[in-house]
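Everything below concerns the one structure shown next.
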Amino acid sequence: MAQPGRPPAAVGHSGQNGAGEQRYTNGPVQNSLVHSSQMSDGQGYSSAVPGLYSHQVPAKVPLQPSSGQYNFGGSQNVSPLSNQRSGQTINRPSMGHTSVVPLQHASSGPQMLPPSQNSAAVPSSSSSFVPGAHNAALSNWQYDQTPMSQPTGSQTHHFAHIAGTASTHPSLSLSGSTNPPTSHQYTVSPGGPPLQNSYMKPGSVPAPVNRPLASVFPPARSPPGPPPVGGPTLVRPSAPPVGPPPTSSVPHPPLNSASNHEATTFPSPAPQNLNLGRSIGYSYPTLPPAYQSASSPGAPGMQSSPLQYPAGSQSFPQPALGGNHLTASMGRLSLQPEGLRPINLLQERNILPVTPLQAPVPNLHEEIQKLNCNPELFRCTLTNIPQTQALLNKAKLPLGLLLHPFKDLSQLPVVTSSTIVRCRSCRTYINPFVSFLDQRRWKCNLCYRVNDVPEEFMYNPVTRVYGEPHKRPEVQNATIEFMAPSEYMLRPPQPPVYLFVFDVSHNAIETGYLNTVCKTLLDNLDLLPGNTRTKIGFITFDSTIHFYSLQEGLSQPQMLIVSDIEDVFIPMPENLLVNLNENKELIQDLLRTLPQMFTKSLETQSALGPALQAAFKLMSPTGGRISVFQTQLPSLGVGALKSREEPNQRAAAKDIHLTPSTDFYKKLALDCSGQQVAVDLFLLSGQYSDLASLGCISRYSAGSVYYYQSYHHQHNPVQVEKLQKELKRYVTRKIGFEAVMRIRCTKGLSIHTFHGNFFVRSTDLLSLPNVNPDAGYAVQMSVEESLTDMPVVSFQSALLYTSSKGERRIRVHTMCLPVVTTLSDVYLGADVQAITGLLANMAVDRSVSASLSDARDALVNAVIDSLSAYRSLVLSIQQPGLMAPYSLRLFPLHVLALLKQKAFQTGTNIRLDERIFTMCQVKNQPLIYLMLMTHPNLYRVDNLTDEGALNINDRTIPQPPILQLSVEKLSRDGAYLMDAGSVMFMWVGKNCGQNFISQVLGVPSYASIPQNMTHLPELETAESIRTIAFISWLREQRPFFPILYIIRDEGPLKSSFLQNMIEDRTESALSYYEFLLHIQQQVNK
């Protein structure tokens, strides 16, 4: 029904560079809602896989900052901020405190934090990532809360002083916590029914007999509405607070940080005499019948099944959010969950699944789980969260999140509304895991504050019904995007601005890269994300800097040369960045002539630093993206570098140069970040270029690094196709400008280290001048306060950005996971891929801060410590061999794969820049791609069939089983495809069938296979069609273009192929079986 006084708003769907979206508005709608399931177009060869969620997963990003004045990007232990004025100390009472603690707001000035006092550390191996393994010097590698020491930006939170009894509690550092205490008084109320008896999947097993709580719901109080998500009930005050939240006295962060939204948390006015019940029982006022028969939330396009809530005085049959006692109850039935089945790794060799490994499903009620966030976007290393830090320490496993927040999605619900509903206390966005106390009140699932439901939120644009706030899209989708109103902007949204900076020295022209880049830009100029405001500009450099005036009215572009590289200035700045649509002919003319302009240049010097300074000055007024192409070591002006690579010492773990040789690029990147400018680096070089130093320009400005080793258009033609395909994806994919991202979590959990390409503006706010759909991030977490009485916890990431169309948007992902109290349940919920991804990020940081050998030792000790804890604390019967829970059966294999990866392997065959680039990928790749580069997939392809094949867009995609990475699995009678993420190998055995050789490879005999074959001919045979369809399908699922090398049994590339056989011995690494024997020896000590 239409409501008076509510203006109608457009409902429809729109795509931002290809993303199918469902638009929802507040208020009556005139047209029926359209569900868009269009596939992403305009994304080059990397279109999204059909369906709401494809079968991949997220992951993380760049390197540990070097010591020095700044320590903002890469991976950071986040501490409160650098502009300290007074030595105030923040203390936080434990959640278990039972006395009344009055809270008062302190001044908004910055605070000094004492080191955290961790008394729960458990001794461990000498070099490890776990607590107790290292002294303070390496404390940022521990899983638990770590001391904060480095300044990280400008403080934006209001923290509260704790008075009274809190002074007896040990000081805890507020590292990254997004839930500052609010001004409420907490008291203990009597208990309710024990939730542990109902928080399980129905029909699974009988409830365990635990100590009962002698309390029931008051009679005649029915508990209607969607289920609450744990935590204490906050009773509303008799007189609700009136007026807006108090404003912050902290200076605004620069530009569009929306400090009063994603950049600042506002405590609400303090309602008096609030009672926060510590019990886990709930009683709700009776609601109208229509609300009691609420159907459960479901994703758009899904049928929602009704949840039945009985009335009267029965106890509330809450869906099983948590799985605390699943293992114990199953034990009484002499059953054991598959994830805990002990496996003797030395005996069971064939443990690799034949299909891609899927993320474990959290032990939640199915009605809750079907609303949970897609693991490709948001994933936790432990799907069962330990109740205490002590329990986490015992498990010897890392707790952290891996995110892929801006991933291309085929469907994305978009809400266009003047009101975005958020918790007044912790600023969490309303989501599927909040609980509605009645139609007018909802309880936050992160801080448990009770909030009022705004009037506008009562109308559901999907069903066009008033009075069903729990059915709105915001409460039915764990991933959703909001169109942000004007209060989320500190300035008008910036236009899309793209600046290309080209190295045109003699070395650069010799590689021929400029032809490929200019042609690709010409072909895709109309596909650049943007609108009528899009601007573009070009700079070239050698020993001088060349600008190009594209002023309207000129017959051809005009070159302006600045030879003073010591004090760079911008000539005619108004004509250097021009409107793309109004000046397209001049721009096209420049791109056609650029490759020929410098062909006779003999200038060998490279003034990259001054060129970047010029680009920064040009972009500062607006913000945007700088794409810089470099082919050699910078040799002139600021930022000049000298070679540090000595080929004979590549393997000397303590002598390799993983740290930057100058802080120029890092400081410039931080300046760029402050002006909403990101820098992407394309390095096309056959010589050492000190990527450890150059990479800082991208790492700290939220950019990306691309590396094309030994690029040459004639000597290495296969790289030309790779650059062309990846550049097309790069220039046409969607982009977000002037973005900030915050990750929030349930009270009691805290974030203490971030991994990725960004700058940390405050304790938990990531500054992302650009955000792209191919970037991943990771965070480490700790359990700061016991999660007692919490059946579940939630995590939420919010990304505020400006789209290329000039819209301010907020993309929100929310994930809910159960809390457990036993060590066996922690192991049961271990996500071995996410654990491996997080450990890889930590190992990169350890390599930079300590040494490569330290990082390798810590990776091995992570396996030893976790399997030792499992053996001594979980296994009831000690057995010979190396025992692991089924959930961790692949852990030793994945860690061995990491040790053999280019980032961490020893030996002299890895170039330093290649090692650094692989480390950049570890820190910047979503998890699905990181795992593929770490542990490749091996398939036999000479016998592909349609059995079990996928049918996508009228194509039949064979699905051969995945084989173990060992030469044992190879037969000289067959052909095998190894997919290693950024490269593919097809190995053809000597005795491979003639049918495959002629029908797929298109050659008459095995001896006729060329040594440098990199393409399969498209033949009109069933075998060829199947093989090409399978390889094309694999390539389409990633943003980079893997080259395919077809190699004969005795070919020169065979060593590269065998290097990826993780389970076999190499000259510098153990075989998988030898590695298991080493682990067993250490575990049994």
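The values are calculated or read from the model by the stated rules, or taken from the named source; none is laboratory data. Fair warning: this is a prediction, and the values are worked out from it, not measured in the lab. With ideal geometry, Cβ positions are generated from the backbone for all residues, glycine too; neighbour counts draw on all protein chains shown. These area figures cover heavy atoms from the full protein model, side chains too; ligands, DNA and RNA do not enter into them. Shrake-Rupley method; radii C 1.70, N 1.55, O 1.52, S 1.80 Å.
Computed values, structure above
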quantity	calculated
Where the stretch 654-733 is the region considered: accessible area per residue in Å², 1.4 Å probe	28
Pairwise centroid distance, computed over Cα atoms, of the stretch 477-530 with the stretch 1023-1049, Å	28
Normalised contact order of the stretch 392-498, rounded percent, pairs of Cα under 8 Å and 6 or more residues apart	26
The stretch 442-581 - accessible surface per residue (Å², probe 1.4 Å)	33
Approximate shape of the stretch 540-685 as ellipsoid semi-axes (Cα gyration tensor, √5λ), whole Å, largest first	31, 18, 14
Residue 659 versus residue 564: modelled label distance in nm, points set 7 Å from Cα along the beta carbon direction	3.7
Distance between modelled label sites at residue 584 and residue 1012, nm, 7 Å Cα→Cβ extension	3.9
3J(HN,Hα) from dihedral phi, the stretch 484-497, Karplus parametrisation 6.51/-1.76/1.60, rounded to Hz, x for glycine, proline	7, x, 5, 5, 8, 10, 9, 8, x, x, 6, x, x, 10
Accessible surface of the stretch 849-969, 1.4 Å probe, proportion on carbon and sulfur as whole %	46
Solvent accessible area, Å² - residue 645, 1.4 Å probe, full protein context	40
Nearest-10 value in Å² for the accessible area of residue 805, using the 1.4 Å probe	100
Sites residue 788 and residue 531 - FRET efficiency at Förster radius 56 Å, r taken between beta-carbons, to 0.05	0.60
Carbon plus sulfur fraction of accessible area for the stretch 549-656, probe 1.4 Å, in percent	48
Potential extension, residue 994-residue 438 segment - 0.36 nm per residue separation minus Cα distance	193.0 nm
Mean separation of Cα contacts under 8 Å, 6 or more apart, over the residue count of the stretch 340-423: relative contact order %	25
Whether the stretch 648-728 is rounded, prolate or oblate, judged on the alpha carbon gyration tensor where a/c under 1.5 counts as rounded	oblate
Most to least accessible of 566, 338, 738, 784 (protein chains only, probe 1.4 Å)	566, 338, 784, 738
With every protein chain in place, the stretch 390-447: carbon and sulfur % of accessible area (1.4 Å)	47
Net charge of neighbours whose Cβ lies under 15 Å from the Cβ of residue 1024, counting Lys and Arg as +1 and Asp and Glu as -1	-3
Listed residues 1025, 385 arranged by accessible area, highest first, probe 1.4 Å	1025, 385
Straight-distance crosslink candidates among lysines, where the alpha carbon sits under 23 Å from residue 747 and sequence neighbours closer than 8 are dropped	394, 396, 443
Accessible area in square angstrom per residue, the stretch 760-909, 1.4 angstrom probe	17
Neighbourhood net charge (15 Å Cβ-Cβ; Lys/Arg +1, Asp/Glu -1) for residue 638	-2
Over the stretch 992-1085, equivalent-ellipsoid semi-axes from the Cα gyration tensor in Å	36, 17, 12
Using θ = phi - 60° and Karplus 6.51 cos²θ - 1.76 cosθ + 1.60, couplings along the stretch 384-392 (whole Hz; Gly, Pro as x)	10, 7, x, 5, 9, 5, 4, 5, 4
Ranking by accessible area, most exposed first, for 984, 572 with a 1.4 Å probe	572, 984
Sites residue 1020 and residue 338, calculated FRET efficiency, Cβ-Cβ separation with R0 60 Å, nearest 0.05	0.85
Nitroxide proxy distance, nm - points 7 Å out along Cα→Cβ at residue 724 and residue 523	0.5
All aspartates and glutamates inside 20 Å of residue 728 as judged from Cα atoms, apart from same-chain residues fewer than 8 positions distant	41, 408, 503, 523, 526, 589, 680, 774, 1036
Within-9-Å neighbourhood charge of residue 797 [Cβ basis; K, R +1; D, E -1]	+3
Separation between Cα centres of the stretch 347-402 and the stretch 605-620, rounded to whole Å	45
